[in-house]
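Working notes for the structure below.
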Amino acid sequence: MTEIKIYNSRKKAKLAFTPIDANNVRMYVCGPTVYDFAHIGNARPAIVFDTMFRLLRHVYGEKHVTYARNITDVDDKINTRATEEGRTIAEVTKQTTAQYHTDIDALNVLRPTIEPFATQHIAEMIEMIKVLISKGHAYEAENHVLFSVSSMDNYGEFSRKNLEDMLAGARVDVAAYKRDEMDFVLWKPSSDDQPAWDSPWGKGRPGWHIECSAMAKKHLGNVFDIHGGGLDLIFPHHQNEVAQSCCANGTKQMANHWMHNEFLNVEGEKMSKSLGNFLTINDARKQHPAEALRLMMLMTHYRKTINWSADSASEAMKMLSKWHEKTANIGKISTADIAPKFIDAVADDLNTPLAISILHKLDGKQLKASAQFIGLLLESHSDFMSFKPEGTEIDEAEILTLIDKRNQAKADRDWALADKIRDDLVEKSVIIKDSADGTSWEYKK
Ligand code: AMP
Ligand code: ZN
């Protein structure tokens, strides 16, 4: 059996992965808050953990892997968006969830085994909060319920932060009713225009962290194998999930392996809604084939920063064109065709850059099967070739025909025709370059 190694960001070491139960390998990944289109930074964890999901399914069998990725459909950002747009909260969350699905389906991200919605797990959250209160880990104050960080010996150990950093990082709300300024909200009261559920502490809504603890417990149990998300979630979100789950369930840990993906940056800064430097997946897909976006993401190891540029997507596009060309006539393939060293690379803490360098050396069935293993080359050759960026009038197949015509014109020494074809392509935003290897082309940005 292929040995999987995972860099455990909690233990700061790459360790062999041994599941708790090989018949039910369990992974939880924090999913999107559905208030707006997801950006390509958000696509990174979706693609990274999809690749992990594919690997686990390959090694342990499809039926033996449970992957839960939640939808956070109760959050103040959603309330604000609904008010701004004069829409109901349900309309905003329903539409955004559908957009998210369309976007990441296009990126060949498999649907997780379970996609729990926070609003459908309020009873489980209330139950967990009750347990935390009964065990002395939480207290009620002015219609809020707060987790008491001092009730836990090792709060902060998970994220390895000192108190000062935690205070700064948590951007803790100062509130008179808190016993300790680090204490965080499990339940809070709602005003008339905010979503509200009945609870022993009055009408209100849950805090963000308790959502994941309750959903993970329900679907994966008290302790499961892998918990993942972006690096920014380590503190406070994952720290607080661990605090809640361990204290409520009486366990030493919540998950055995913690995996965190690095950021996708733009000019040295994390792509984020708040900085305004974001490109939605929806817009990126209009400029680049979704498959090229996925490959671009996998060209960098998940623990290294990606510096986003349209050029990196174009580079990925060129690689894919070559592979599509090489595999256009390859028929049915099976998992037996995947190159063993390719699987080993992916199994080694998702070393996708190494795996991609191996793809360059493969042909035929091995190339197709290996690429498909990481969610590439799933489109037909002709669908891939017919992609054209929004705003351009010509697709790849037409371009290649014109390049052939131009090469013929050059062979016939008909320079006028050759130049005319090149100029016509430039008109259509296509730039061609001649080199010793032949003629390449790209869409002008
Ligand atoms: P959010 O909607 O901000 O909670 O993010 C959803 C997921 O995307 C989380 O796992 C984040 O860590 C991750 N994420 C957000 N921004 C980026 C980024 N620029 N690069 C990589 N991952 C990100
Ligand atoms: Zn979470």
Of the residues in the range 250-295, those that are more than 16 Å from ligand 2 (Cβ to nearest atom), in contact with a helix residue (DSSP H, G or I) (Cβ under 9 Å, 6 or more places away or on another chain) and under 30 Å from Leu132 (Cα atoms) come to Thr251, Lys252
Scan the range 31-41 and give yes if some residue there is assigned to a helix (DSSP H, G or I) and surrounded by 23 or more Cβ atoms within 10 Å (Cβ to Cβ), otherwise no.
yes
If we take the range 340-445, then helices (runs of 4 or more DSSP H) inside it with 2 or more residues that are open to solvent by 80 Å² or more (accessible area, probe 1.4 Å) are 340-347, 396-411, 415-427
Residues of the range 220-229 being open to solvent by less than 10 Å² (accessible area, probe 1.4 Å) and away from ligand 2 (no atom under 11 Å from the Cβ), in sequence order, are Leu220, Phe224, Asp225, Ile226
Lys63 fails exactly one of (1) over 30 Å from Asp344 (Cα atoms); (2) open to solvent by 20 Å² or more (accessible area, probe 1.4 Å), namely (1)
Boolean, Phe49 is within 14 Å of ligand 1 (Cβ to nearest atom) and open to solvent by 40 Å² or more (accessible area, probe 1.4 Å): no
Counted residues in the range 10-37 being within 16 Å of ligand 2 (Cβ to nearest atom) and among the aliphatic types (A, V, I, L, M) come to 3
- Query: Would the range 230-253 turn up any residue that is touching an Asp or Glu at 6+ places or on another chain (Cβ under 7 Å) and crowded, with 24+ Cβ neighbours inside 10 Å?
  - Reply: no
Could you go through the range 12-25 and let me know if any residue there is more than 8 Å from ligand 1 (Cβ to nearest atom), in the same structural domain as Val92 (by TED's automatic domain parsing) and buried (at least 22 other Cβ atoms within 10 Å of the Cβ).
yes
Filter the range 248-280 for residues that are outside any strand (DSSP E or B) and more than 16 Å from ligand 1 (Cβ to nearest atom); the one that is nearest to Val48 (Cα to Cα) is Met254
Log entry, pairs with first residue in the range 61-79 being in the same structural domain as Thr97 (by TED's automatic domain parsing) and within 19 Å of Val48 (Cβ to Cβ), second being surrounded by fewer than 24 Cβ atoms within 10 Å (Cβ to Cβ) and of a type in the set (D, E, K, R), beta carbons closer than 8 Å, six or more apart or on different chains, reads Val65/Arg57; Ala68/Glu115; Arg69/Glu115; Asn70/Glu115; Ile71/Glu115
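Could you tell me whether the range 329-336 includes any residue that is in contact with a Pro (Cβ under 8 Å, 6 or more places away or on another chain) and away from ligand 2 (no atom under 16 Å from the Cβ)?
Checking the range 329-336: not a single residue is in contact with a Pro (Cβ under 8 Å, 6 or more places away or on another chain) and away from ligand 2 (no atom under 16 Å from the Cβ).
Assess whether Val174 counts as being farther than 30 Å from Asn307 by Cβ, within 15 Å of ligand 2 (Cβ to nearest atom) and either part of a loop (DSSP other than H, G, I, E, B) or under 23 Å from the mean Cα position of the chain (by Cα) (or both).
For Val174, the condition - farther than 30 Å from Asn307 by Cβ, within 15 Å of ligand 2 (Cβ to nearest atom) and either part of a loop (DSSP other than H, G, I, E, B) or under 23 Å from the mean Cα position of the chain (by Cα) (or both) - is not met.
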The residue that is nearest to the chain's Cα centre (by Cα), considering only those in the range 191-204 that are surrounded by 16 or more Cβ atoms within 10 Å (Cβ to Cβ) and polar (S, T, N, Q), is Gln194
Assess whether Ser245 counts as being polar (S, T, N, Q), in a helix (DSSP H, G or I), away from ligand 1 (no atom under 16 Å from the Cβ) and farther than 23 Å from Arg44 by Cα. yes
Selection over the range 321-339 where residues are open to solvent by less than 40 Å² (accessible area, probe 1.4 Å) and either farther than 20 Å from Ser380 by Cβ or not polar (S, T, N, Q) (or both) yields a count of 5
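The values are calculated or read from the model by the stated rules, or taken from the named source; none is laboratory data. All values reported here derive from a predicted model rather than from experimental measurement. All Cβ positions, glycine included, derive from the backbone under ideal geometry; neighbour counts span all protein chains shown. To get the accessible areas, we keep the full protein, side chains included, count just its heavy atoms, and leave off ligands, DNA and RNA. Shrake-Rupley method; radii C 1.70, N 1.55, O 1.52, S 1.80 Å.
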